[in-house]
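Here the structure is laid out as structure tokens; the discussion comes afterwards.
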Amino acid sequence: MLHFRYARRLKNSPWKWEAYTQVQYNQMLDQKLRYLVGTGPRWKFVDTNNIRFFIGTSALWEYEELQRNKQYNNYFRWSSYLSWFIQTKKGFSFNGTTYYQPRFDRIKDFRFSGQYTLSQQVTKRFDIRIDFTIYYDSDPPANVQKTLLSSTTGFRVRLGE
């Protein structure tokens with residue numbers, strides 16, 4: 001997956017306007033190609049030294065090619081998300097983003113997903129981390145599960161400042 005996002009602050013407020021695009025391939029979701037582009041506002045409603053919370057909403061256009069049955073989907077979706085970054089002085093952090101994306105023309109057809117990371121800094125340049133992802137599609141393609149979960153455990157090494 002490749003994801004690009006640009007956000008521009010609206011004057012001196014906690015609001016930003018963002019635009020984004022994404023392209024992905026996902027064999028588990030039967031996606032040969034998923035391409036999307038969207039835009040909308042984002043609000044930072046908590047901003048302290050160690051905690052930040054954002055909420056955003058946007059309209060997006062999605063194009064999807066499925067592998068098994070050569071189906072093509074072309075939808076407009078509403079996308080809303082909650083994102084947070086929490087970090088303690090002891091080097092522990094919990095970051096996450098949760099998305100809810102119903103179709104505009106069929107609100108009961110929605111996708112829900114979340115990406116979450118727990119991390120503990122061991123040294124200035126070395127962290128141990130656990131990543132967890134959940135994906136739910138209320139109306140998935142044939143032969144695709146409604147719910148997919150994945151997790152990884154690993155480490156991160158920072159090479160420079």
Exercise. Is one or more of the residues making up the stretch 105-114 outside any strand (DSSP E or B) and among the hydrophobic types (A, V, I, L, M, F, W, C)?
Worked result: yes
For this session: Select from the stretch 59-68 the residues that are aliphatic (A, V, I, L, M) and surrounded by 14 or more Cβ atoms within 10 Å (Cβ to Cβ) and list them in ascending order.
Result: 60, 66
Problem set entry | Of all residues in the stretch 1-51 being farther than 30 Å from residue 66 by Cα and among the aliphatic types (A, V, I, L, M), the one that is farthest from the chain's Cα centre (by Cα) | 10
For this session: Output the residue which, of all residues in the stretch 133-161 that are more than 18 Å from residue 114 (Cα to Cα) and among the small types (Gly, Ala, Ser), is modelled with the highest pLDDT.
Result: 154
For this session: Of the numbered conditions (1) in contact (Cβ under 8 Å) with a residue 60 or more places away in the chain; (2) open to solvent by 50 Å² or more (accessible area, probe 1.4 Å); (3) aliphatic (A, V, I, L, M), residue 82 fails exactly one; give the number of that condition.
Result: (1)
Seminar exercise, completed: If we keep only residues of the stretch 111-131 that are in contact with an Asp or Glu (Cβ under 6 Å, 6 or more places away or on another chain) and not hydroxyl-bearing (Ser, Thr, Tyr), then the residue nearest to residue 79 (Cα to Cα) is 111
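Residues 134, 107: which one is under 19 Å from the mean Cα position of the chain (by Cα) and within 27 Å of residue 74 (Cα to Cα)?
Within the list 134, 107, the selection yields 134.
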Problem set entry | Flag for residue 65 being over 20 Å from residue 136 (Cα atoms) and among the acidic types (Asp, Glu) | no
Problem set entry | Selection from the stretch 123-143 of residues that are of a type outside the set (A, V, I, L, M, F, W, C), open to solvent by 40 Å² or more (accessible area, probe 1.4 Å) and not in a strand (DSSP E or B) | 124, 125, 139, 143
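Tell me the residue from 71, 22 that is touching a residue at least 40 places away in the same chain (Cβ under 8 Å), open to solvent by less than 80 Å² (accessible area, probe 1.4 Å) and out of contact with any Phe, Trp or Tyr (no Cβ under 6 Å at 6 or more places or on another chain), please.
71
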For this session: Identify, by number, the condition in (1) closer than 21 Å to residue 77 by Cα; (2) touching a strand residue (DSSP E or B) at 6+ places or on another chain (Cβ under 8 Å) that residue 157 doesn't meet.
Result: (1)
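Looking for something open to solvent by 70 Å² or more (accessible area, probe 1.4 Å), under 30 Å from residue 65 (Cα atoms), without any contact (Cβ under 8 Å) to a residue 40 or more places away in the chain and of a type in the set (A, V, I, L, M) - is there at least one such residue anywhere in the stretch 99-109?
Yes: the stretch 99-109 contains one or more residues that are open to solvent by 70 Å² or more (accessible area, probe 1.4 Å), under 30 Å from residue 65 (Cα atoms), without any contact (Cβ under 8 Å) to a residue 40 or more places away in the chain and of a type in the set (A, V, I, L, M).
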For this session: For the stretch 25-58, name all the residues that are farther than 15 Å from residue 80 by Cα, among the basic types (Lys, Arg) and open to solvent by less than 100 Å² (accessible area, probe 1.4 Å).
Result: 34, 52
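The values are calculated or read from the model by the stated rules, or taken from the named source; none is laboratory data. The shown structure was predicted, so the numbers you read here are calculated from the model rather than taken from an experiment. When we count neighbours, we look across all protein chains shown, and the Cβ atoms used for this are built from the backbone with ideal geometry, even at glycine. When the accessible area is computed, the model is the full protein with side chains, heavy atoms only, and any ligands, DNA or RNA have been set aside. Shrake-Rupley method; radii C 1.70, N 1.55, O 1.52, S 1.80 Å.
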